[in-house]
1. Residues in segment B:59-81: is at least one aromatic (Phe, Trp, Tyr), surrounded by 14 or more Cβ atoms within 10 Å (Cβ to Cβ) and over 20 Å from B:Lys209 (Cβ atoms)?
2. Can you pull out the residues in segment B:287-311 that are more than 14 Å from every other protein chain (Cβ to nearest Cβ), farther than 20 Å from B:Thr12 by Cα and assigned to a strand (DSSP E or B)?
3. Residues in segment A:127-146 that are out of contact with any strand residue (DSSP E or B) (no Cβ under 7 Å at 6 or more places or on another chain) and either surrounded by 18 or more Cβ atoms within 10 Å (Cβ to Cβ) or within 14 Å of chain B (Cβ to nearest Cβ) (or both): how many?
4. Residues of segment A:259-282 being out of contact with any Leu (no Cβ under 7 Å at 6 or more places or on another chain) and buried (at least 20 other Cβ atoms within 10 Å of the Cβ), which ones?
5. Go through (1) under 14 Å from B:Ser75 (Cβ atoms); (2) part of a helix (DSSP H, G or I); (3) touching a strand residue (DSSP E or B) at 6+ places or on another chain (Cβ under 9 Å) and name the single condition B:Ala247 misses.
6. Would you please name the residue that is farthest from A:Asp232 (Cα to Cα), looking only at residues in segment A:81-119 that are in contact (Cβ under 8 Å) with a residue 40 or more places away in the chain and at the interface with another protein chain (Cβ under 9 Å from one of its Cβ atoms)?
7. If B:Ala237 meets every condition in (1) buried (at least 20 other Cβ atoms within 10 Å of the Cβ); (2) under 29 Å from B:Thr27 (Cβ atoms); (3) not aromatic (Phe, Trp, Tyr) apart from one, which number is that one?
8. Applying the selection to segment B:326-350, what residues are within 14 Å of chain A (Cβ to nearest Cβ) and touching a Gly at 6+ places or on another chain (Cβ under 8 Å)?
Amino acid sequence: MPEREGTIAVAMSGGVDSSVVAGMLHRQGRQVIGLTMQLWNQRRLPELAVEGPTGRCCSIDDVYDARHVAQHLGIPYYVVNFEQRFEEQVVKPFIDEYLAGRTPIPCTLCNNFIKFDQFLEMAEGAGADRIATGHYARIDWNPDSGRWEMRRSVDRSKDQTYFLCGLTQAQLARTMFPLGGFEKSAVRELARELGIPTAEKRDSQEICFVPNGDYAAFIDSYFREQGISPDDTRGELVTTDGRVAGEHAGVHHFTVGQRRGIGVAAMEPLYVIATEPATRRVIIGRGDALLRSRMRVHGVNWISIAPPAEPIRAEVKIRNKHAAAASSILPSGDPAGVEVVFDEPQRAITPGQGAVFYSGDLVLGGGWIA
Amino acid sequence: MNRSYFDHNATTPVSSEVLEAMLPALTEMYGNASSIHYFGQAARKTLDHARKQVAAMLGISASGAKAADEIVFTSGGTESDNLAIFGVALPGIARGGHAITTTIEHPAVLAACAQLTSVMQVRVDANGSVDPDAIRRALTPDTKIISVMHANNETGVIQPITEIAKIAREAGIAMHSDGVQAAGKIPVNVRELGVDLYSISGHKFYAPKGIGGLFVRKGVKLAAMMHGGHHERDRRAGTENVSSAVALGRAAQWIIEEGPAEWARQQALRDRLEESIVDRVPGAHINGAGAPRTPNTSNIRFDGIDAEPLVIALDLKGFAVSSGSACSSGAAEPSHVLIAMGLTREQARASVRFSLGRSNTLEQVDALIDAVVECVAHVRKMAPAYA
């Protein structure tokens with residue numbers, strides 16, 4: 001197994017999980033430094049401001065908490081500025097994806113392009129040999145295959161492998177997820193045992209820079225800040241049989257499979273079937289129009305196995321809360337592009353979301369739904 | 001770990017002679033300087049003595065009995081800057097008049113000026129110098145104050161205050177200079193500079209944090225910002241901070257006596273640092289090198305790096321340096337000063353400030369040079385600047 005010692009930079013968000021990571025590594029006698037990424041200026045888009053605890057990261061309170069924990073542990077601690085990079089590589093692509101009629105996952109973009117890329121490089125530049133985060137996932141070295149393998153966390157309800165499917169072998173070799181083997185309740189217990197001041201802080205649930213999970217309001221505000229008019233995003237709601245049923249404020253208000261907020265009265269429940277950004281049309285129809293058995297996946301990153309040459313069987317997850325469904329994965333000749341054929345049709349396969357391939361706990365790889 | 005401190009433009013330690021001077025003022029001369037009894041008179045005497053010492057450092061002759069009354073003690077640089085700008089520009093006008101300042105000022109000046117009716121920020125050249133003619137061109141009939149810093153905190157670049165003050169005088173406009181980064185680092189004579197108002201801060205030259213001063217030329221009308229008793233000749237209400245004023249006076253005295261020799265020593269170390277780094281690190285450039293600078297300050301740009309990991313790496317090796325200014329979270333923001341000099345955001349983010357002080361030795365500087373050579377190479381290898 002490759003060398004796993006040296007200085008460890010812990011990505012500290014101010015939450016319980018990353019605080020416990022810093023605390024347990026420090027207690028093991030490792031050389032630990034704490035780093036907090038300043039990703040987004042929460043004072044921007046002030047009309048989105050909400051009162052009270054928001055569950056969002058990057059607020060001054062969270063930085064205060066992270067610094068407080070580092071002081072408690074007695075480890076070197078620094079805040080590093082990633083605001084410009086985060087806007088360019090996560091926020092803008094997030095908005096562009098919505099405008100292109102897809103439903104993006106900013107957490108995966110952030111993991112791929114910020115945390116396990118530029119943050120990792122910055123930590124190494126600062127003198128760290130690897131980074132550790134509070135993600136719930138497991139990394140193991142498999143001497144037989146000569147690959148780093150990723151597994152779902154022991155606490156299945158906290159498993160975050162869906163968002164980590166873009167990690168390369170080179171990144172996994174320099175990354176530790178010390179919480180992957182723990183139940184969340186044990187992590188909280190550990191936090192209390194370590195005397196971590198934030199032990200009782202509630203978990204964050206949302207996309208960190210979007211208050212209350214209202215991403216459409218966020219995009220509207222961002223457009224106002226950038227001087228983009230609502231007239232530039234308005235479009236028609238069209239039924240699957242081609243009838244114009246109403247108007248909408250922008251395709252970014254809709255995601256495939258959505259039922260609420262369509263604003264069209266009908267005898268039976270109507271769902272968003274697709275969004276067509278070129279014509280700014282949103283297609284709505286009956287729920288059974290959402291069922292699909294096949295999908296193409298691009299940008300595939302293979303983790304625990306080498307790119308397969310032959311079709312393989314796997315369980316495939318098409319969104320974070322989806323129960324992975326049995327399917328066959330058909331290679332295309334290009335290792336980064338595959339076709340997935342589900343045994344049973346799946347509801348609301350949504351372009352822009354991640355498709356992650358599992359074999360039991362093992363994360364085989366994953367990519368983006370075309 | 002041996003630690004060495006190269007961030008003296010951020011703050012300095014309290015020197016032993018300053019600490020020694022201020023302790024009796026805390027424990028023995030503890031009277032309220034406004035009280036009429038013995039204790040009050042003793043405090044008043046030490047306060048007046050300190051005021052003379054500060055005045056002397058600023059080139060104000062101690063022989064004039066009233067001369068020292070041109071010094072107002074404040075809580076520090078920010079208060080001095082605010083008092084100067086609001087005290088001159090606000091009275092008699094609903095929201096104050098027009099101010100002329102520059103793009104490279106400290107936030108204490110920029111944010112204070114932003115509160116006035118209007119403000120013109122005059123730009124600087126590639127060396128970070130203000131062109132006095134640009135100040136002249138910015139004059140308007142409503143201009144109430146011109147505020148230009150004497151030396152810049154990030155680059156050390158010294159501004160042509162004498163020329164600018166002449167323009168102000170001819171136009172009949174009050175001239176303020178933020179001298180927080182000049183006082184204690186270069187000779188300062190407010191008479192020769194021709195300024196009406198001049199801010200200093202104690203903790204930049206070995207007095208404690210929380211004490212500063214504002215020179216207010218006799219005859220300049222200054223409205224108080226703090227209202228209360230008649231302290232500081234009605235210009236700054238609040239019980240005098242005698243012990244800290246004594247400390248500021250003692251620190252000023254040290255500068256008068258030892259400053260020139262110490263500045264020459266620091267400049268030799270600073271020049272050695274710059275020459276060695278430019279020689280040994282490819283793609284290293286001195287920001288502001290073409291202008292006169294304070295002797296202790298060096299701002300160096302390293303092509304293709306992000307200064308954040310460099311500053312952290314140096315700190316982990318025991319060398320305290322700085323980059324940019326801290327935002328509210330403590331993360332570094334690209335320096336507005338370097339951007340005002342025409343550097344790109346990436347170049348500004350690739351720049352590190354080294355500011356020397358009394359504690360720095362030749363051995364420390366040589367160790368710093370080796371650490372910078374090593375860390376820049378490491379950062380370039382592991383963490384190239386993002387595109």
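The values are calculated or read from the model by the stated rules, or taken from the named source; none is laboratory data. This one's a predicted model, so the numbers in the text were calculated from it and none came from an experiment. Note: ideal-geometry Cβ built from the backbone for every residue, glycine included; neighbour counts use all protein chains shown.
1. Pass one, segment B:59-81, residues aromatic (Phe, Trp, Tyr): B:73.
Those left that are additionally surrounded by 14 or more Cβ atoms within 10 Å (Cβ to Cβ): B:73.
Add one more test, that the residue is over 20 Å from B:Lys209 (Cβ atoms), and what stays is none.
Within segment B:59-81, not a single residue is aromatic (Phe, Trp, Tyr), surrounded by 14 or more Cβ atoms within 10 Å (Cβ to Cβ) and over 20 Å from B:Lys209 (Cβ atoms).
2. In the first step, residues of segment B:287-311 are kept if they are more than 14 Å from every other protein chain (Cβ to nearest Cβ); the result is B:287-301, B:303.
Subset that is farther than 20 Å from B:Thr12 by Cα: B:287-292, B:300-301, B:303.
Result: B:Ile300, B:Arg301.
3. Going through segment A:127-146, the residues out of contact with any strand residue (DSSP E or B) (no Cβ under 7 Å at 6 or more places or on another chain) turn out to be A:134-136, A:143-146.
Still in the running and either surrounded by 18 or more Cβ atoms within 10 Å (Cβ to Cβ) or within 14 Å of chain B (Cβ to nearest Cβ) (or both): A:134-136.
So the count comes out to 3.
4. A:Leu270, A:Val272, A:Thr275 - these are the residues of segment A:259-282 that are out of contact with any Leu (no Cβ under 7 Å at 6 or more places or on another chain) and buried (at least 20 other Cβ atoms within 10 Å of the Cβ).
5. For B:Ala247, the exception is condition (3).
6. A:Asn81
7. Exception for B:Ala237: condition (1).
8. Those that are within 14 Å of chain A (Cβ to nearest Cβ) and touching a Gly at 6+ places or on another chain (Cβ under 8 Å): B:Ala332, B:Glu333, B:Pro334, B:Ser335, B:Ala348, B:Arg349, B:Ala350.
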